[in-house]
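The values are calculated or read from the model by the stated rules, or taken from the named source; none is laboratory data. This is a predicted model, so every value here is computed, not measured. Quick reminder, even Gly has a Cβ in these numbers, built from the backbone with ideal geometry, and neighbours come from all protein chains shown. Ligands, DNA and RNA are stripped out before the accessible areas are found, and what is left, the full protein with its side chains, is counted by its heavy atoms. Shrake-Rupley method; radii C 1.70, N 1.55, O 1.52, S 1.80 Å.
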Amino acid sequence: MCKGLAALPATCLKSAKDIKHKIGFLLQKPDPPQEQKALKEKEKEKVKAKVTVVNRVPLADIEKWKTSFNNLIKNEDGRKAFTSFLQSEYSQENIEFWEACEDFKQTSVDMMNVKARKIFERYVEADSPSEVNLDSATRELTRKNLEKSDASCFEEAQSKIFTLMEKDSYRRFLKSKLFQELSQPPLDNKPCSLEKKGKRHISELSQCLPSYA
């Protein structure tokens with residue numbers, strides 16, 4: 001047996017130090033339960049829905065939204081309401097892409113190529129920051145359309161996303177708490193209160209909707 005540290009081989013001393021370090025790490029006192037709870041609550045507060053005070057939308061307009069998705073999305077107030085709903089589902093990239101395509105159609109010819117690539121890189125390209133749900137064939141077709149970058153560049157992709165929202169998100173929107181509240185006749189002249197995901201602004205217009213960027 002080894003007698004004293006001096007008699008121990010260097011490798012033996014290194015192993016002993018490693019073991020001591022590991023034991024010390026394991027013996028470190030964990031955060032008290034209360035502190036852990038406070039940290040979790042703090043994280044929850046960051047993503048907690050905020051209440052936005054806004055005004056009412058005419059019920060006649062809301063009735064039109066029920067008849068078709070096109071009536072909803074082509075109406076400014078309806079689009080804002082639908083956007084708020086999509087934000088609550090973390091799928092706002094779909095409406096953002098649709099609006100970007102609408103804006104692209106109004107772009108001057110000399111700026112179309114630059115804007116088209118920005119839209120593609122943000123929404124269409126695989127693993128893009130706000131990638132929308134497109135099949136590979138549509139994605140590849142849109143990529144090829146970048147070569148000409150005319151007003152029809154995103155036509156197929158926009159149509160696919162429109163149909164996706166119409167058959168999926170739109171149906172849930174009509175059953176949502178947001179839409180049900182919007183559909184209720186006002187009981188008084190006080191603005192209504194809606195819970196929204198993320199930061200919003202108070203609208204000064206005759207809408208029961210938050211403004212958005």
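Taken along the Cα-to-beta-carbon direction at a fixed 7 Å, the label points for Val114 and Asp135 span 3.6 nm. Accessible area of Asp110 (1.4 Å probe, protein heavy atoms only, ligands and nucleic acids ignored): about 120 Å². Ranked by the mean number of other Cβ atoms within 10 Å per residue, highest first, peptides 125-133, 166-174 order as 166-174, 125-133. Across segment 97-130, the residues whose backbone nitrogen lies under 17 Å from the label position 7 Å along the beta-carbon direction of Tyr90 are 127-130. What the Cβ-Cβ distance of Ser152 and Thr67 gives, at R0 = 25 Å and to the nearest 0.05, is a FRET efficiency of 0.30. Under 16 Å from a label point set 7 Å out along the Cα-to-Cβ vector of Thr107, the amide N atoms of segment 75-98 belong to 96-98.
For segment 126-135, backbone phi angles converted through the Karplus equation (6.51, -1.76, 1.60; θ = phi - 60°) give residue-by-residue couplings of 4, 6, 6, x, 10, 4, 9, 7, 10, 6 Hz, Gly and Pro being listed as x.
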